[in-house]
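The next block holds one structure in the form of structure tokens; read it before the comments.
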Amino acid sequence: MPYTKTIVCLANSRKLAGRCVAGKEWDGRNLGAWCRPVSARDRGELTAERWYYKTWRDPQLLDLIEVGLLGPRPSTFQTENHLVDTSVRWKYAGHVAAGYLVPALDRLAGPLWANGDSTGSGLNDKVPAPIAERQQNSLVLVQPELLTISVGTEGVEVGNPRRRVRGHFSLAGHDYVLIITDPAVEKPIMSNPDGFRRELRNPILCISLSEKYGAQNACYKLIAGVMSASP
């Protein structure tokens, strides 16, 4: 039976030709379980499904969103997935201050899922599929002391140059360099020359573990949402 959830938007990140939206359920005062609305497309990306009714505005981070859903659609470790009801337009239901996120942070004592594998320009950003498929979740909300954002051209050595924005941070004694897929961060940084860097103190990050990419037989850790800890 169809149902509605109100979530705090913690990610509206770039995915293929659409977006990946994720958030935590909101009961009026507190954040609860994760919810990632997904489409029926092969990789679940959202296009027009995510636009607000009447205004046609795209959800922003920390927006409260009323989302119509048809049922849970877990996919191995992406246990947070719910299939969107395309007959129901999303509704803007308000906005929350960043301070509400602090009690909902994931207090990690170890690595993000599993460490030890990296891409050429990343660090601890890759998880082999057999290891990823043993995980129980694919979304975390964390707050490192410092996030360094950089832009550079990758893949030149393999004949496939592509500019990417990455985030460098440490968490629970582990270092990470992950791709940032939050367009609100990615697009402004892209206008700078390769090597440009900026720092954010005490950001709140939504980090997602991607679905499996068949050719690499691996999944990737992505910074899907970047939020300031300030109100």
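The values are calculated or read from the model by the stated rules, or taken from the named source; none is laboratory data. For clarity, every value in this text was computed on a predicted model and none was experimentally measured. In this analysis, Cβ positions are derived from the backbone assuming ideal geometry, glycine residues included, and neighbour counts consider all displayed protein chains. What goes into the accessible areas is simple: the full protein's heavy atoms, side chains included, and nothing from ligands, DNA or RNA. Shrake-Rupley method; radii C 1.70, N 1.55, O 1.52, S 1.80 Å.
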Evaluated at 20 °C and 1.002 mPa s, the Stokes-Einstein D of region 60-144 based on the Kirkwood radius over Cα pairs, in µm²/s, stands at 136
Excluding ligands, DNA and RNA, the carbon-plus-sulfur percentage of the accessible area of the chain with a 1.4 Å probe reads 51
With every protein chain kept in place and a 1.4 Å probe, the chain has an accessible area per residue in Å² of 48
Per the helix-only model, the chain has a calculated mean residue ellipticity at 222 nm (DSSP H runs of ≥4, -39500 (n - 2.57) each, divided over all residues, rounded to the nearest 500) of -1000 deg cm²/dmol
Too long for a 19 Å Cα-Cα cut-off, among Lys54/Lys91; Lys5/Lys212; Lys5/Lys91; Lys5/Lys221, are Lys5/Lys212; Lys5/Lys221
Taking alpha-carbon centroids only, region 1-31 lies from region 68-145 a number of Å equal to 11
The ratio Rg/Rh over the Cα atoms of region 8-88, Rh being the Kirkwood inverse mean 1/r radius, stands at 0.93
The computed P(r) of region 107-231 puts the percent of Cα pairs beyond 19 Å at 47
Burial-style ranking of 11-19, 118-126, average other-beta-carbon count within 10 Å with highest first, yields 11-19, 118-126
The convex hull of the Cα atoms of region 158-206, divided by residue count, gives a volume in Å³ per residue of 116
